[in-house]
1. Go over the candidates A48, A34, A30, A54 one by one and state the one that is in a helix (DSSP H, G or I), surrounded by 11 or more Cβ atoms within 10 Å (Cβ to Cβ) and modelled with pLDDT under 90.
2. Out of G141, G84, G104, G113, I need the residue that is closer than 30 Å to C65 by Cα and exposed (fewer than 15 other Cβ atoms within 10 Å of the Cβ). Which one?
3. Since E74 meets every condition but one in (1) closer than 30 Å to G131 by Cα; (2) surrounded by 12 or more Cβ atoms within 10 Å (Cβ to Cβ), which condition does it not meet?
4. Being of a type in the set (S, T, N, Q), in contact (Cβ under 8 Å) with a residue 12 or more places away in the chain and outside any loop (DSSP other than H, G, I, E, B), is that true of even one residue in the range 106-114?
Amino acid sequence: MSNFITPEGLKEFEKELVERLGKRKIIAQAIKSAKEQGDLSENAEYSAAKAQQAENERRINWLNCVIEKAHVVEKKGQDQVDLGCLVELAKENQKDSMTVKIVGTHETDPTNGKVSHESPLGKAIIGKKKGEKIEVETPNGKDKYEIKSIK
């Protein structure tokens, strides 16, 4: 199964992969230094370095898998909401609006306004046009929004 990803998201993952590959040497040096201290059974530095190595390798494997299976999706335009679009939404009965970027599942970062196309909000707005109103089922009930702009 391929995973949808924006061109920007792919670049971020590739950059992180390069950084983590470079980190391998630093971690290996930390392990070597800790080994030189002797008894490894009670060596906190060694245990920490090995844990850091395991986490780094896990993330490298994950990044390789995501990059390998990535299906890069270019936004098609601004007529309707699609992956890669910035969408301004006005919540019913509120003056403020919010802007979200529709991204692939692996890029999701709600605190930075990146919403997955598979999330309830993403599913509700994909394919919609400026001016359309949508309803999104949330744990607190249904929220209603109007699409103010698509970029």
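The values are calculated or read from the model by the stated rules, or taken from the named source; none is laboratory data. On a predicted model such as this, the values are computed, not experimentally measured, just so you know. Note that we place each Cβ from the backbone using ideal geometry, even for glycine, and neighbour counts take in every protein chain shown.
1. The unique qualifying residue is A34.
2. Going through G141, G84, G104, G113 in turn, the sole match is G113.
3. (2)
4. No; the residues of the range 106-114 include none that is of a type in the set (S, T, N, Q), in contact (Cβ under 8 Å) with a residue 12 or more places away in the chain and outside any loop (DSSP other than H, G, I, E, B).
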